[in-house]
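Enquirer: Take a look at this one; I'll ask things after.
The values are calculated or read from the model by the stated rules, or taken from the named source; none is laboratory data. A quick note: this is a predicted structure, and the numbers were derived from the prediction, not measured. Cβ coordinates were reconstructed from backbone atoms using ideal geometry, including for glycine residues, and neighbour counts include every protein chain displayed. With ligands, DNA and RNA removed, areas are computed over all heavy atoms of the protein, side chains included. Shrake-Rupley method; radii C 1.70, N 1.55, O 1.52, S 1.80 Å.
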Amino acid sequence: MGLAFWGGIVVMAHGLIVYLCAKSREKKTNNEITLQKEKNMQKYGLKNFSIGMVLFFWGLYIGTL
């Protein structure tokens, strides 16, 4: 339980930080190439957040068995 639970929390936090940083940088840029790069980083952050949620809830489920 411990590895999946804490690993899920770490991956969720990482994904959320990446998403929020890319979102704030997106507002500051007017370059089209940089804008596309920030959008890709947002997708990467959301993907990591969702993977972290799966690990987190999987760890909770295993812990209750």
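Enquirer: Looking only at segment 36-65, which residues are charged (D, E, K, R) and open to solvent by 70 Å² or more (accessible area, probe 1.4 Å)?
Expert: LYS37, LYS39, LYS43, LYS47
Enquirer: So the check is Cβ under 8 Å with 6+ separation or different chains; which pairs have a first residue in segment 24-48 that's closer than 26 Å to ILE9 by Cβ and a second one that's open to solvent by 90 Å² or more (accessible area, probe 1.4 Å) and β-branched (Val, Ile, Thr)?
Expert: Matching pairs, first to second residue: GLY45/ILE17.
Enquirer: State the number of residues belonging to segment 10-40 that are within 10 Å of the chain's Cα centre (by Cα) and of a type outside the set (Ser, Thr, Tyr).
Expert: So the first thing to find is which residues in segment 10-40 are within 10 Å of the chain's Cα centre (by Cα), and the list is 10-20.
Filter once more, so that each one left must be of a type outside the set (Ser, Thr, Tyr): 10-18, 20.
So the count comes out to 10.
Enquirer: If you go through segment 39-61 one residue at a time, how many are touching a helix residue (DSSP H, G or I) at 6+ places or on another chain (Cβ under 6 Å) and at pLDDT below 90?
Expert: So the count comes out to 1.
Enquirer: Can you pull out every residue in segment 16-35 that is open to solvent by less than 90 Å² (accessible area, probe 1.4 Å) and either among the aromatic types (Phe, Trp, Tyr) or in a helix (DSSP H, G or I) (or both)? Break it down into steps so the answer makes sense when it comes.
Expert: Applying the first criterion (open to solvent by less than 90 Å² (accessible area, probe 1.4 Å)) to segment 16-35 yields 16, 18-19, 21-24, 26, 29, 31, 34-35.
Result: LEU16, VAL18, TYR19, CYS21, ALA22, LYS23, SER24, GLU26, THR34, LEU35.
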